[in-house]
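Okay, structure first, notes after.
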Amino acid sequence: MSHENSRALIDETAKFLFDASDQALLDFICRIFSIQINKETAEIIRVSSEFISHPGFSRHLPDIVLAVHDGTGPDPLFHIEIQTEHDGMMDLRMVKYGYLIGASRSQMDDDDSRIISIPHQVVIYLEEHKRIRDDLKVKIIFPNESEVHYTVPVFRLYAYSACELGEMDLYLVIPLVLVKYRKRFDHICRRKNLNQEEFDAIVQDVLQDIEQITTITGTFEEKGVMDEQTKDIILSATMELYTQLHQKYIRDTKSKERVENLIESVTQKISKKWYTIGVEEGIEKGKEEGIEKGIEKGIEKGIEKGIEKGKLEEARNIARNLIKLGLEDEYIVKATGLSAEEIKKLKI
(Lines give C-alpha, C1' and ligand atoms only; values in the text may rest on other atoms or scores of the structure.)
Protein backbone atom coordinates (compact mmCIF):
# COMPACT_ATOMS: atom_id res chain seq x y z
CA MET A 1 0.00 0.00 0.00
CA SER A 2 1.47 3.36 -1.05
CA HIS A 3 1.90 6.25 1.38
CA GLU A 4 -0.75 8.28 -0.45
CA ASN A 5 -3.25 5.42 -0.46
CA SER A 6 -2.65 4.84 3.23
CA ARG A 7 -3.28 8.50 4.01
CA ALA A 8 -6.45 8.50 1.90
CA LEU A 9 -7.78 5.47 3.79
CA ILE A 10 -7.00 7.15 7.11
CA ASP A 11 -8.89 10.26 5.98
CA GLU A 12 -11.91 8.20 4.94
CA THR A 13 -11.90 6.26 8.20
CA ALA A 14 -11.68 9.48 10.22
CA LYS A 15 -14.65 10.96 8.36
CA PHE A 16 -16.56 7.70 8.80
CA LEU A 17 -16.41 8.18 12.59
CA PHE A 18 -18.60 11.26 12.21
CA ASP A 19 -21.48 9.12 10.96
CA ALA A 20 -22.05 8.37 14.65
CA SER A 21 -25.15 9.34 16.61
CA ASP A 22 -26.07 12.93 17.45
CA GLN A 23 -25.30 12.27 21.11
CA ALA A 24 -21.71 11.23 20.32
CA LEU A 25 -21.22 14.22 18.02
CA LEU A 26 -22.62 16.64 20.60
CA ASP A 27 -20.33 15.20 23.28
CA PHE A 28 -17.40 15.67 20.90
CA ILE A 29 -18.33 19.25 19.92
CA CYS A 30 -18.89 20.37 23.51
CA ARG A 31 -15.50 19.05 24.59
CA ILE A 32 -13.29 19.92 21.61
CA PHE A 33 -14.67 23.50 21.36
CA SER A 34 -15.19 23.98 25.12
CA ILE A 35 -18.80 25.16 24.75
CA GLN A 36 -22.13 24.31 26.36
CA ILE A 37 -24.99 22.86 24.29
CA ASN A 38 -28.35 21.60 25.50
CA LYS A 39 -27.97 18.00 24.36
CA GLU A 40 -31.59 17.20 25.17
CA THR A 41 -32.96 19.54 22.50
CA ALA A 42 -30.06 19.97 20.06
CA GLU A 43 -29.96 18.23 16.69
CA ILE A 44 -26.95 17.68 14.43
CA ILE A 45 -27.19 18.70 10.78
CA ARG A 46 -24.42 17.45 8.49
CA VAL A 47 -23.43 20.11 5.96
CA SER A 48 -22.30 18.89 2.55
CA SER A 49 -18.78 19.94 1.53
CA GLU A 50 -19.93 20.01 -2.09
CA PHE A 51 -22.40 22.73 -1.18
CA ILE A 52 -19.62 24.74 0.40
CA SER A 53 -17.18 24.45 -2.55
CA HIS A 54 -16.77 27.36 -4.96
CA PRO A 55 -15.91 27.16 -8.71
CA GLY A 56 -13.15 29.72 -8.27
CA PHE A 57 -11.23 27.59 -5.76
CA SER A 58 -9.37 24.29 -5.92
CA ARG A 59 -11.17 21.06 -5.11
CA HIS A 60 -9.68 20.90 -1.62
CA LEU A 61 -12.82 20.55 0.50
CA PRO A 62 -13.26 20.78 4.27
CA ASP A 63 -13.39 17.42 6.06
CA ILE A 64 -16.35 17.71 8.40
CA VAL A 65 -18.86 20.54 8.77
CA LEU A 66 -21.70 20.25 11.25
CA ALA A 67 -24.52 22.58 12.22
CA VAL A 68 -26.22 22.36 15.61
CA HIS A 69 -29.92 23.16 15.57
CA ASP A 70 -31.74 23.81 18.83
CA GLY A 71 -34.45 26.22 17.67
CA THR A 72 -33.15 29.13 19.75
CA GLY A 73 -31.52 31.13 16.95
CA PRO A 74 -29.11 30.81 14.02
CA ASP A 75 -27.54 27.36 13.88
CA PRO A 76 -23.84 27.58 14.80
CA LEU A 77 -21.43 25.85 12.40
CA PHE A 78 -18.49 23.66 13.40
CA HIS A 79 -15.63 22.77 11.07
CA ILE A 80 -13.33 19.88 12.03
CA GLU A 81 -10.25 19.29 9.91
CA ILE A 82 -8.42 16.02 10.54
CA GLN A 83 -4.80 16.14 9.42
CA THR A 84 -2.56 13.09 9.42
CA GLU A 85 0.75 14.83 8.73
CA HIS A 86 2.05 18.34 9.34
CA ASP A 87 1.12 20.75 6.55
CA GLY A 88 2.91 24.10 6.32
CA MET A 89 -0.03 25.58 4.41
CA MET A 90 -2.68 24.47 6.90
CA ASP A 91 -3.16 28.01 8.23
CA LEU A 92 -4.08 29.33 4.77
CA ARG A 93 -6.34 26.35 4.10
CA MET A 94 -8.26 27.00 7.30
CA VAL A 95 -8.76 30.66 6.37
CA LYS A 96 -10.06 29.56 2.95
CA TYR A 97 -12.34 26.92 4.44
CA GLY A 98 -13.64 29.32 7.08
CA TYR A 99 -14.50 31.87 4.40
CA LEU A 100 -16.17 29.31 2.12
CA ILE A 101 -18.24 27.81 4.92
CA GLY A 102 -19.31 31.26 6.10
CA ALA A 103 -20.00 32.51 2.58
CA SER A 104 -22.21 29.49 1.84
CA ARG A 105 -24.62 30.79 4.49
CA SER A 106 -24.07 34.53 4.13
CA GLN A 107 -26.97 36.94 4.52
CA MET A 108 -27.68 40.60 3.83
CA ASP A 109 -28.35 42.92 6.77
CA ASP A 110 -30.60 46.00 6.92
CA ASP A 111 -27.79 48.21 5.58
CA ASP A 112 -27.45 45.98 2.51
CA SER A 113 -24.12 44.63 3.76
CA ARG A 114 -23.31 40.97 3.35
CA ILE A 115 -22.65 39.15 6.61
CA ILE A 116 -20.26 36.20 6.56
CA SER A 117 -20.09 34.31 9.86
CA ILE A 118 -16.92 32.24 10.28
CA PRO A 119 -17.59 28.82 11.87
CA HIS A 120 -15.96 27.34 14.96
CA GLN A 121 -12.85 25.57 13.67
CA VAL A 122 -10.27 23.09 14.91
CA VAL A 123 -7.44 21.10 13.35
CA ILE A 124 -6.83 17.62 14.77
CA TYR A 125 -3.33 16.27 14.10
CA LEU A 126 -2.83 12.49 14.16
CA GLU A 127 0.96 12.26 13.75
CA GLU A 128 3.58 14.07 15.77
CA HIS A 129 5.74 16.79 14.21
CA LYS A 130 8.02 19.33 15.90
CA ARG A 131 6.47 22.25 13.98
CA ILE A 132 2.92 21.66 15.18
CA ARG A 133 1.86 24.51 17.47
CA ASP A 134 -1.06 25.07 19.85
CA ASP A 135 -2.90 27.10 17.24
CA LEU A 136 -2.65 28.40 13.69
CA LYS A 137 -2.30 32.17 13.37
CA VAL A 138 -2.83 34.37 10.34
CA LYS A 139 -2.67 38.17 10.34
CA ILE A 140 -4.72 39.77 7.55
CA ILE A 141 -3.75 43.39 6.77
CA PHE A 142 -6.09 45.59 4.73
CA PRO A 143 -5.03 48.54 2.54
CA ASN A 144 -6.05 50.99 5.28
CA GLU A 145 -3.61 49.14 7.59
CA SER A 146 -6.39 47.70 9.76
CA GLU A 147 -5.69 44.13 10.86
CA VAL A 148 -7.66 40.96 11.50
CA HIS A 149 -6.05 38.19 13.55
CA TYR A 150 -7.36 34.80 12.42
CA THR A 151 -6.66 32.01 14.91
CA VAL A 152 -7.60 28.33 14.73
CA PRO A 153 -6.94 26.00 17.71
CA VAL A 154 -5.00 22.77 17.21
CA PHE A 155 -5.63 19.47 19.00
CA ARG A 156 -2.69 17.05 19.11
CA LEU A 157 -4.56 13.76 19.26
CA TYR A 158 -1.31 11.79 19.03
CA ALA A 159 -0.34 13.05 22.50
CA TYR A 160 -3.25 11.28 24.20
CA SER A 161 -4.04 7.66 24.99
CA ALA A 162 -7.40 6.05 24.29
CA CYS A 163 -8.17 6.13 28.03
CA GLU A 164 -7.40 9.85 28.26
CA LEU A 165 -9.62 10.62 25.26
CA GLY A 166 -12.42 8.59 26.83
CA GLU A 167 -12.10 10.50 30.11
CA MET A 168 -12.28 13.77 28.13
CA ASP A 169 -15.57 12.72 26.43
CA LEU A 170 -13.68 12.47 23.13
CA TYR A 171 -14.45 8.75 22.83
CA LEU A 172 -15.68 9.26 19.27
CA VAL A 173 -12.11 9.58 17.95
CA ILE A 174 -10.34 6.96 20.08
CA PRO A 175 -9.61 4.68 17.07
CA LEU A 176 -7.43 7.45 15.62
CA VAL A 177 -4.77 6.88 18.29
CA LEU A 178 -3.62 3.99 16.10
CA VAL A 179 -2.52 6.33 13.30
CA LYS A 180 0.57 7.51 15.21
CA TYR A 181 2.09 4.02 14.90
CA ARG A 182 2.43 4.40 11.13
CA LYS A 183 5.27 6.88 11.62
CA ARG A 184 6.91 4.74 14.31
CA PHE A 185 6.83 1.66 12.08
CA ASP A 186 8.17 3.65 9.10
CA HIS A 187 11.06 4.93 11.20
CA ILE A 188 12.18 1.51 12.41
CA CYS A 189 11.60 -0.26 9.09
CA ARG A 190 13.80 2.22 7.19
CA ARG A 191 16.85 1.09 9.11
CA LYS A 192 19.23 -1.33 7.43
CA ASN A 193 19.08 -3.76 10.35
CA LEU A 194 15.64 -4.21 11.84
CA ASN A 195 15.64 -4.28 15.63
CA GLN A 196 13.12 -7.07 16.19
CA GLU A 197 12.79 -6.39 19.90
CA GLU A 198 11.92 -2.75 19.29
CA PHE A 199 9.55 -3.73 16.48
CA ASP A 200 7.75 -6.24 18.72
CA ALA A 201 7.43 -3.58 21.43
CA ILE A 202 5.59 -1.30 18.99
CA VAL A 203 3.26 -4.17 18.04
CA GLN A 204 2.49 -4.72 21.73
CA ASP A 205 1.73 -1.00 22.12
CA VAL A 206 -0.72 -1.25 19.22
CA LEU A 207 -2.44 -4.26 20.78
CA GLN A 208 -2.60 -2.54 24.15
CA ASP A 209 -4.27 0.50 22.59
CA ILE A 210 -6.82 -1.71 20.83
CA GLU A 211 -7.55 -3.46 24.12
CA GLN A 212 -8.17 -0.04 25.69
CA ILE A 213 -10.42 0.99 22.78
CA THR A 214 -12.55 -2.15 23.02
CA THR A 215 -12.77 -1.92 26.82
CA ILE A 216 -13.86 1.74 26.69
CA THR A 217 -16.36 1.04 23.93
CA GLY A 218 -17.94 -1.89 25.74
CA THR A 219 -18.06 -0.05 29.07
CA PHE A 220 -19.50 3.14 27.57
CA GLU A 221 -22.25 1.22 25.77
CA GLU A 222 -23.18 -0.67 28.94
CA LYS A 223 -23.40 2.62 30.85
CA GLY A 224 -25.50 4.23 28.11
CA VAL A 225 -22.84 6.82 27.23
CA MET A 226 -22.80 5.64 23.61
CA ASP A 227 -25.43 3.83 21.59
CA GLU A 228 -25.06 0.70 19.48
CA GLN A 229 -24.61 2.64 16.24
CA THR A 230 -21.65 4.60 17.64
CA LYS A 231 -20.16 1.44 19.14
CA ASP A 232 -20.28 -0.33 15.75
CA ILE A 233 -18.70 2.64 14.00
CA ILE A 234 -15.86 2.90 16.53
CA LEU A 235 -15.10 -0.84 16.38
CA SER A 236 -15.27 -0.92 12.57
CA ALA A 237 -12.90 2.06 12.32
CA THR A 238 -10.56 0.40 14.81
CA MET A 239 -10.48 -2.79 12.74
CA GLU A 240 -9.86 -0.82 9.54
CA LEU A 241 -6.95 1.16 11.01
CA TYR A 242 -5.40 -1.97 12.49
CA THR A 243 -5.79 -3.78 9.15
CA GLN A 244 -3.79 -1.03 7.46
CA LEU A 245 -0.98 -1.43 10.00
CA HIS A 246 -1.17 -5.21 9.75
CA GLN A 247 -0.99 -5.36 5.96
CA LYS A 248 1.93 -2.94 5.69
CA TYR A 249 4.00 -3.69 8.80
CA ILE A 250 2.84 -6.25 11.37
CA ARG A 251 1.86 -9.24 9.20
CA ASP A 252 1.49 -11.54 12.18
CA THR A 253 -1.43 -13.97 12.30
CA LYS A 254 -1.49 -14.25 16.09
CA SER A 255 -1.66 -10.48 16.52
CA LYS A 256 -4.50 -10.24 14.02
CA GLU A 257 -6.42 -13.03 15.75
CA ARG A 258 -6.01 -11.25 19.08
CA VAL A 259 -7.44 -8.04 17.65
CA GLU A 260 -10.37 -9.89 16.08
CA ASN A 261 -11.06 -11.62 19.41
CA LEU A 262 -10.95 -8.31 21.30
CA ILE A 263 -13.45 -6.73 18.93
CA GLU A 264 -15.64 -9.84 18.88
CA SER A 265 -15.73 -9.85 22.69
CA VAL A 266 -17.48 -6.48 22.57
CA THR A 267 -19.79 -7.18 19.64
CA GLN A 268 -21.01 -10.43 21.22
CA LYS A 269 -22.29 -8.54 24.26
CA ILE A 270 -25.34 -7.75 22.17
CA SER A 271 -26.41 -11.35 22.72
CA LYS A 272 -27.05 -10.58 26.40
CA LYS A 273 -29.63 -7.99 25.42
CA TRP A 274 -31.40 -10.37 23.08
CA TYR A 275 -31.14 -13.11 25.71
CA THR A 276 -33.23 -10.97 28.07
CA ILE A 277 -35.73 -10.19 25.33
CA GLY A 278 -35.90 -13.88 24.48
CA VAL A 279 -36.64 -14.83 28.09
CA GLU A 280 -39.44 -12.27 28.26
CA GLU A 281 -40.94 -13.45 24.98
CA GLY A 282 -40.64 -17.04 26.11
CA ILE A 283 -42.43 -16.40 29.40
CA GLU A 284 -45.27 -14.64 27.60
CA LYS A 285 -45.59 -17.53 25.18
CA GLY A 286 -45.57 -20.01 28.07
CA LYS A 287 -48.25 -18.08 29.90
CA GLU A 288 -50.45 -18.20 26.83
CA GLU A 289 -50.14 -21.97 26.70
CA GLY A 290 -51.01 -22.03 30.39
CA ILE A 291 -48.85 -24.98 31.45
CA GLU A 292 -45.46 -25.30 33.05
CA LYS A 293 -43.95 -27.19 30.13
CA GLY A 294 -45.21 -24.52 27.81
CA ILE A 295 -43.40 -21.88 29.86
CA GLU A 296 -40.15 -23.83 29.85
CA LYS A 297 -40.41 -24.57 26.15
CA GLY A 298 -41.36 -20.98 25.41
CA ILE A 299 -38.40 -19.65 27.36
CA GLU A 300 -36.04 -22.02 25.57
CA LYS A 301 -37.33 -21.03 22.14
CA GLY A 302 -37.40 -17.38 23.07
CA ILE A 303 -33.80 -17.43 24.23
CA GLU A 304 -32.67 -19.23 21.11
CA LYS A 305 -34.60 -16.91 18.83
CA GLY A 306 -33.50 -13.79 20.71
CA ILE A 307 -29.80 -14.64 20.71
CA GLU A 308 -29.82 -15.59 17.06
CA LYS A 309 -31.71 -12.44 16.10
CA GLY A 310 -29.27 -10.30 18.05
CA LYS A 311 -26.20 -11.90 16.53
CA LEU A 312 -27.60 -11.63 13.01
CA GLU A 313 -28.54 -7.96 13.36
CA GLU A 314 -25.17 -7.18 14.96
CA ALA A 315 -23.35 -8.93 12.11
CA ARG A 316 -25.36 -6.97 9.56
CA ASN A 317 -24.57 -3.66 11.28
CA ILE A 318 -20.86 -4.46 11.31
CA ALA A 319 -21.02 -5.52 7.65
CA ARG A 320 -22.72 -2.25 6.66
CA ASN A 321 -19.97 -0.27 8.38
CA LEU A 322 -17.22 -2.33 6.72
CA ILE A 323 -18.91 -1.85 3.33
CA LYS A 324 -18.84 1.94 3.90
CA LEU A 325 -15.10 1.68 4.50
CA GLY A 326 -14.68 -0.07 1.14
CA LEU A 327 -13.37 -3.39 2.44
CA GLU A 328 -13.39 -6.43 0.18
CA ASP A 329 -16.33 -8.84 0.42
CA GLU A 330 -13.97 -11.68 1.31
CA TYR A 331 -12.82 -9.88 4.46
CA ILE A 332 -16.38 -8.85 5.42
CA VAL A 333 -17.57 -12.46 5.13
CA LYS A 334 -14.76 -13.61 7.40
CA ALA A 335 -15.26 -10.81 9.92
CA THR A 336 -19.04 -11.18 10.25
CA GLY A 337 -19.83 -14.78 9.38
CA LEU A 338 -22.44 -13.64 6.86
CA SER A 339 -22.64 -15.25 3.44
CA ALA A 340 -21.35 -13.52 0.30
CA GLU A 341 -24.94 -13.36 -0.93
CA GLU A 342 -26.04 -11.57 2.25
CA ILE A 343 -23.20 -9.04 1.83
CA LYS A 344 -24.37 -8.31 -1.72
CA LYS A 345 -27.93 -7.70 -0.48
CA LEU A 346 -26.67 -5.19 2.09
CA LYS A 347 -24.97 -3.21 -0.69
CA ILE A 348 -28.25 -2.66 -2.52
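The values are calculated or read from the model by the stated rules, or taken from the named source; none is laboratory data. All values derive from a computational prediction rather than experimental measurement. Reconstructed Cβ throughout: ideal geometry from the backbone, glycine too, with neighbour counts over all protein chains shown. Remember, those area values only see protein heavy atoms, side chains included, never the ligands or the DNA or RNA. Shrake-Rupley method; radii C 1.70, N 1.55, O 1.52, S 1.80 Å.
For this structure, a couple of remarks:
- Using a cut-off of 24 Å between Cα atoms, the listed pairs K39/K180; K15/K248; K180/K254; K256/K324; K254/K324 include K39/K180; K254/K324 as exceeding that distance.
- Rg(Cα)/(2.2 N^0.38 Å) for the range 106-185, N = residue count: 1.59
- Sorted largest first by accessible area at a 1.4 angstrom probe radius, with every protein chain in place, the residues I32, I348 fall in the order I348, I32.
- Binned Cα-Cα distances of the range 143-215, short to long, each 5 Å bin given as a whole percent: 3, 13, 20, 16, 12, 10, 8, 5, 5, 4, 3, 2, 0
- Maximal additional length on extending the T151-E257 stretch stands at 33.7 nm, based on 0.36 nm per residue less the C-alpha distance.
- Order by protection proxy (mean Cβ within 10 Å, highest first), peptides 83-89, 121-127, 244-250, 233-239: 233-239, 121-127, 244-250, 83-89
- Apportionment of accessible area to carbon and sulfur, the range 124-220, percent (1.4 Å): 47 percent
- For the range 76-123, the Kirkwood hydrodynamic radius from C-alpha pairs, put into Stokes-Einstein at 25 °C and a viscosity of 0.890 mPa s, yields a diffusion coefficient of 207 µm² per second.
- Legend: calculated FRET efficiency, C163 to M89, from the Cβ-Cβ distance at R0 = 41 Å, rounded to 0.05, equals 0.75.
- Net lengthening on full extension, K96/L312 (0.36 nm per residue, minus Cα-Cα): 73.2 nm
- Contact order for the range 117-156, expressed relative to its length and based on alpha carbon pairs under 8 Å spaced 6+ residues apart, stands at 50 percent.
- The shape of the range 51-192 can be summarised by an equivalent ellipsoid whose semi-axes, obtained from the alpha carbon gyration tensor, come to 33, 20, 14 Å from longest to shortest.
- Accessible area per residue for the range 142-191 is 49 Å², calculated with a 1.4 Å probe on protein heavy atoms, without ligands, DNA or RNA.
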